[in-house]
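The values are calculated or read from the model by the stated rules, or taken from the named source; none is laboratory data. All figures in this text were calculated on a predicted structure; none of them were measured in a lab. Methodologically, a virtual Cβ is constructed for each residue, glycine included, from the backbone with ideal geometry; neighbour enumeration extends over all protein chains shown. Ligands, DNA and RNA are excluded from the accessible area calculation, which covers all protein heavy atoms including side chains. Shrake-Rupley method; radii C 1.70, N 1.55, O 1.52, S 1.80 Å.
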Amino acid sequence: CAAGRKGRRMDHSLQQRLIDLHGLSKAGEFKAHLQAIAHTMGFARIFYVSARLVPASLPGPGGFAEIPLILCDYPEDWVSHYQGRQLARIDPVIAACNSTRQPLSWDVRGYMPGAGDPVRRLLDDAIDAGIDRGISVPIYGVGGEYGMVTFVADRADPDRPLDDRA
């Protein structure tokens, strides 16, 4: 059937793009490739971070032994706001992602109940910026490397389940 062939073609395309990531050495190429993967899967935006961790530390703010490589296509005003206020320190989504080695599907609205004022403001701002639902995949290397890739849902399709991506 035509739908089955299209699905196999898309699966093959996605599989090849994931394989191709391994051979990329320039940050711009890597970012463009991640964006293509995101769009193939029906996501709107990407965020990628990678760095070596301080030994025996947990991933997250303050745990990096070097300046992390960050690749993202979030709105510039959101990035400035988030970094300028060091919001990663209170971001419950970052904390949840850093507490697992499994991919994490998240929606900031799930963190609203019981959130204090600063966290609630952060979550409201994330919703306004369209960085409100996604999937994050932590990446751990044997030499103390840490990374995370995040795919953010498309605002144009707010009811589409995150686990139903092609």
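Data for the structure
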quantity	calculated
Residue in the stretch 87-113 that is surrounded by the most Cβ atoms within 10 Å (Cβ to Cβ), counting only those that are at pLDDT below 90 and among the polar types (S, T, N, Q)	N98
Check on R45, modelled with pLDDT of 60 or more, open to solvent by 60 Å² or more (accessible area, probe 1.4 Å), in contact with a helix residue (DSSP H, G or I) (Cβ under 8 Å, 6 or more places away or on another chain) and not in a strand (DSSP E or B)	no
Single match in D128, D73, D117 (criterion: within 15 Å of the chain's Cα centre (by Cα) and among the acidic types (D, E))	D73
Residues being over 13 Å from the mean Cα position of the chain (by Cα) and either within 16 Å of C72 (Cβ to Cβ) or of a type in the set (S, T, Y) (or both) - total across the stretch 92-114	3
Odd one out for A126 among (1) at pLDDT 85 or above; (2) touching a Gly at 6+ places or on another chain (Cβ under 6 Å); (3) open to solvent by less than 70 Å² (accessible area, probe 1.4 Å)	(2)
Residues located in the stretch 48-70, provided they are modelled with pLDDT under 85 and either part of a helix (DSSP H, G or I) or within 14 Å of the chain's Cα centre (by Cα) (or both)	G60
Residues satisfying the stated conditions in the stretch 14-40, i.e. hydroxyl-bearing (S, T, Y) and open to solvent by 70 Å² or more (accessible area, probe 1.4 Å)	S25
